[in-house]
1. Please note which helices (runs of 4 or more DSSP H) are completely contained in the range 29-136 and include at least 1 residues that are modelled with pLDDT under 95.
2. Considering only residues that are hydroxyl-bearing (S, T, Y) and at pLDDT below 95, look in the range 146-177 and name the one that is nearest to the chain's Cα centre (by Cα).
3. Regarding V291, is this residue assigned to a helix (DSSP H, G or I) and at pLDDT below 90?
4. Would you confirm whether or not the range 96-107 contains a residue that is closer than 16 Å to G18 by Cα and touching a Pro at 6+ places or on another chain (Cβ under 8 Å)?
5. Just to be sure before I move on: is L292 among the aliphatic types (A, V, I, L, M), in contact with a Ser or Thr (Cβ under 9 Å, 6 or more places away or on another chain) and in contact (Cβ under 8 Å) with a residue 60 or more places away in the chain in the structure I sent?
6. Output the residues belonging to the range 145-155 that are surrounded by 14 or more Cβ atoms within 10 Å (Cβ to Cβ) and in contact with a strand residue (DSSP E or B) (Cβ under 6 Å, 6 or more places away or on another chain).
7. With I296, I300, I308 as the choices, which residue is more than 41 Å from the chain's Cα centre (by Cα) and either modelled with pLDDT under 95 or assigned by TED's automatic domain parsing to the domain that holds A235 (or both)?
Amino acid sequence: MNHQNTSTIWDVIVIGAGPAGLMAAGRAAERGKSVLLLEKNPYIGKKLLITGGGGCNVTNNKPEVQQLVNSYKGSPKALYSVFSQFDVTNTLEFFHNKGMPTKLEAEGRIFPESNKAQSVWNVLNEYITTNKVTLKTNAVVTGITLNEDKTFKIKLVNDAVVGKACIVATGGTSHPETGSTGDGFKWLKQLGHTINPNSFSLVPIALKETWVKDVSGIALEDAVIRVYLDGKRQAHKQGKILFTHFGLSGPAVLNLSSQIGELLQYGNVSLEIDLLPQYDNGMLKTELFNVLTTDINKKIKNTLNNLIASGLVLTVLKLANVDTDKANNSITKEERLRLAQILKAIPANVKHLLGADKAIVSSGGVDINEVDFKTMQSRLIPNLYIIGDLLDIDRPSGGYSLQLCWSMGMVSGGLFKSCKLRYF
């Protein structure tokens, strides 16, 4: 027999205890609201704990709102409203004041000083606990309906709860093993919202070449990826890349994946990987000559690691068609030129993008024109709030997705507040 727990009417019910939902629940409770937080998993923040490989890229060092907005594809004007209320500076104040120091890394990425997502989880867990949020785990929501008195009835598998306001923070469809299975899209569509088609915007790339298996696990802190469609150059990105057993991952690759996915519809997509972007072609030829003539009797396979990661040496030599056991003094000029060419442009062919199970974030979702970003309230249904990965915003890799969660969580948790949320 189903037990309908509708006697208590909560001020706010938050569905989803991920980064956005935790922030929203904590903020609403901090303002004196009675808050019920529903989470389908046995514990909160399941996806948060695997963010950034467990390191958790909290935000990006973009303190100016204009600069922050410009980092998102198309620079959606709506983001000004939410970021002007709670920006990167506010985010850092929030975590620092709660005892979590941060550190700045390459490309403006900001991480916990501990380099552990657990540190972020601890802050958010303390935030909802201190402010007396009522947490219900293993709470599988099956639907949202509107009552005649404009309250929300949240249906659970064997229960139902009622709230004056509802904040939906169930996430998109990336990493479905963490519970992000797109349920929120179904409920919001039933309530009348437009759901734009979903695609996976930050995913690793599978290559046709088998040599990638030989270099799996090698990371390059600074490389350039150039993208071609049927031989015509389309895009490039510089930054960190990671070789995997199936192809490529890492921030530079992830941030090109959406574009590569589009290009695959029109023809063959190939890549060039520049291992040494700090050298132009002329400088590299000179540097390579100097490296080879410093110790002319050594084998080239024991010398090239002065220029590139040792794990890449044998693969690069094979790609350049240079005998790995050759001594430096017997390398011909033609072999040197081939080697220099490969170092600046390792060729590779894209097989496909990895699926949802490998996606970092998913694009698509609720049409942003149907949400008031001053409050994160639905323009269609009063007191319904939609935040986080549910919204159709293309988010680059580098802390930008979590910054949306922090800002939207704080603004929606403020409920009807459109003033600056500096309260520390």
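1. Result: 65-70, 78-83, 117-130.
2. Once the filter is applied, the top-ranked residue is S174.
3. yes
4. no
5. no
6. If the condition is that a residue be surrounded by 14 or more Cβ atoms within 10 Å (Cβ to Cβ) and in contact with a strand residue (DSSP E or B) (Cβ under 6 Å, 6 or more places away or on another chain), then T151, F152, K153, I154, K155 are the ones that fit.
7. Among I296, I300, I308, only I296 is more than 41 Å from the chain's Cα centre (by Cα) and either modelled with pLDDT under 95 or assigned by TED's automatic domain parsing to the domain that holds A235 (or both).
Here is a yes/no grid of residues against (1) at negative phi; (2) more than 19 Å from the chain's Cα centre (by Cα); (3) surrounded by fewer than 16 Cβ atoms within 10 Å (Cβ to Cβ); (4) among the aromatic types (F, W, Y):
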residue: E64; (1), (2), (3), (4): yes, yes, yes, no
residue: N70; (1), (2), (3), (4): yes, no, yes, no
residue: S75; (1), (2), (3), (4): no, no, yes, no
residue: G99; (1), (2), (3), (4): no, yes, yes, no
residue: T102; (1), (2), (3), (4): yes, no, no, no
residue: F111; (1), (2), (3), (4): yes, no, no, yes
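The values are calculated or read from the model by the stated rules, or taken from the named source; none is laboratory data. Model, not experiment: these values are computed from the prediction. Every residue, glycine among them, receives a Cβ derived from its backbone with ideal geometry; neighbour counts consider all protein chains shown.
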